[in-house]
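The values are calculated or read from the model by the stated rules, or taken from the named source; none is laboratory data. Keep in mind that what you see is a predicted model, and the values were worked out from it rather than measured. Glycine also receives a Cβ, built like all others from the backbone with ideal geometry; neighbour counts cover every protein chain displayed.
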Amino acid sequence: MLQDRLYYKDPYLTTFTSRIIKESQDSNGNCFVVLENTAFYPTGGGQPHDAGTLNGINVFNVEEINGEIRHSIAKQLDSPQEIEGIIDWSRRFDHMQQHAGQHILTAAFVELFGFQTESFYLGKELCTIDLSIENINSEQLEAAEKFANEIILKNLPIQTKWVSENELDQYFLRKELAVTDEIRLVIIPEFDYNGCGGTHPNTTGQVSGIKILSTEKQRRNIRVHFVCGGRILQQLHRKTSILAEASRQLSASENNINHSVSKLLETNRTLERSLEEAQASLLTFEGKELLLKKESHIVKGVYFGRNMQDVQKLARLIVSEDDDVIVLFVVENENRLQFVAAKGSAVGTSMKKASEVALSAINGKGGGKDAFVQGGGERTMTGNELLDKMVVSFR
């Protein structure tokens, strides 16, 4: 029975002895053993598996398959009569804190706003819950976090109870259960009643604290990122280190970092505007130089690895300066050819003529109107060869 498993009887148990009833390999060739009983929690319900050792050999995965709990180990145990298991307590207790904290935070959202939790994920650094709502504001997040931490400070008992399906009517469950046989309830009296198969501490006080870090839109849900217990200090240490480094690089006190960042962003925007103006001036100068070199009303050029947007701007700038000119540019890359064809307002020929020739030659795709076309395709020839074909199309 599920309730006879050691991690349910005592989630604080860190050492145990048992016997091997099966030793084999999975489809990936990893060794695993099945024991008569175990204190190792298998992955399930959003909670990762326990880690630790069996007779000193590392257990790197624990999962339940077809009703048996498989302990994946680094090498075979050589079938000893009795084995000793040791649970990685820091990992176990961290998971207990995060999972119990999730129950409390989820219940807080329900209690205050009626927001239901769709799913829970316990990651290595962060935890998440997906709320079945499309929008949430900072005031609601602050209120839920405050309420959850008040429940923690009350140091309420966290109880577990095995019940039958017929007994469920006695409890106001937060969520409909998916199981109907062995049902395990996790109860915080007068606050939260929930079906759950995870491990939890005995009191809310042992969760220590809850901190919401951020939210994000997830389809039609809101994903809330949070941490509990010891992870709060880890996040605080990480963010303090980042803040200190930012303070050093900006030569500003931590209290003035926001002001320094604002000044830096404004300076960056000014530099970007200046750069855009300089680039526009350079394109104007380049366009005038090319106009001086036109042949039979055609300005042409081949470029290697040049930004296509700049080439398009250059073509438009030239035809705006001379109504009688045709501009043909080719951009050559390692395995691709691109082209631009443009004309001044006084030119009667459509640029689609050049586009058809170019696209046929490079098995390409493109588009545009009579006055301006562009496209690209395979590098079936050199850029100069493609340019020559486009020039010939106007003769």
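Within region 326-350, take every residue that is closer than 16 Å to Met308 by Cα and surrounded by fewer than 18 Cβ atoms within 10 Å (Cβ to Cβ) and give me the one that is modelled with the highest pLDDT.
Among those that are closer than 16 Å to Met308 by Cα and surrounded by fewer than 18 Cβ atoms within 10 Å (Cβ to Cβ), it is Arg336.
So, Lys353, is that one at pLDDT below 90 and either loosely packed, with under 12 Cβ neighbours inside 10 Å or of a type outside the set (A, V, I, L, M, F, W, C) (or both) or not? Give the steps one after another, and end with the answer.
Values: at pLDDT below 90: yes; either loosely packed, with under 12 Cβ neighbours inside 10 Å or of a type outside the set (A, V, I, L, M, F, W, C) (or both): yes.
The answer is yes for Lys353.
(1) surrounded by 13 or more Cβ atoms within 10 Å (Cβ to Cβ); (2) closer than 30 Å to Asp181 by Cβ; (3) in contact (Cβ under 8 Å) with a residue 60 or more places away in the chain: which one isn't true of Thr117, the others all being true?
(3)
To keep it simple, each residue is scored yes or no on (1) under 23 Å from Asn333 (Cβ atoms); (2) touching a helix residue (DSSP H, G or I) at 6+ places or on another chain (Cβ under 7 Å); (3) among the small types (Gly, Ala, Ser).
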site	(1), (2), (3)
Ser281	no, no, yes
Gly287	yes, yes, yes
Leu291	no, yes, no
Met308	yes, no, no
Leu317	yes, yes, no
Ser320	no, no, yes
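Note down all Cβ pairs under 9 Å where the first residue falls in region 61-75 and is under 26 Å from Asp181 (Cβ atoms), the second is loosely packed, with under 12 Cβ neighbours inside 10 Å, and they're at least six residues apart or on different chains.
These pairs meet every condition: Glu68/Ile21; Glu68/Lys22; Arg70/Lys22; Arg70/Ser24.
What number goes with the only condition from (1) out of contact with any Pro (no Cβ under 6 Å at 6 or more places or on another chain); (2) part of a loop (DSSP other than H, G, I, E, B) that Ile152 does not pass?
Of everything listed in (1) out of contact with any Pro (no Cβ under 6 Å at 6 or more places or on another chain); (2) part of a loop (DSSP other than H, G, I, E, B), Ile152 misses just condition (2).
Find the strands (runs of 3 or more DSSP E) located wholly in region 1-83 whose residues include 2 or more that are touching a Lys or Arg at 6+ places or on another chain (Cβ under 9 Å) and either modelled with pLDDT under 95 or buried (at least 17 other Cβ atoms within 10 Å of the Cβ) (or both), and list them.
Working: elements: 15-18, 20-25, 31-35, 52-54, 57-65, 68-73.
Once the strands (runs of 3 or more DSSP E) in region 1-83 are filtered for at least 2 residues that are touching a Lys or Arg at 6+ places or on another chain (Cβ under 9 Å) and either modelled with pLDDT under 95 or buried (at least 17 other Cβ atoms within 10 Å of the Cβ) (or both), what remains is 20-25, 31-35, 57-65, 68-73.
Residue by residue, here is whether (1) in contact with a His (Cβ under 6 Å, 6 or more places away or on another chain); (2) assigned by TED's automatic domain parsing to the domain that holds Cys228; (3) not β-branched (Val, Ile, Thr) holds:
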residue	(1), (2), (3)
Thr53	no, no, no
Ile65	no, no, no
Lys75	no, no, yes
Ala100	yes, yes, yes
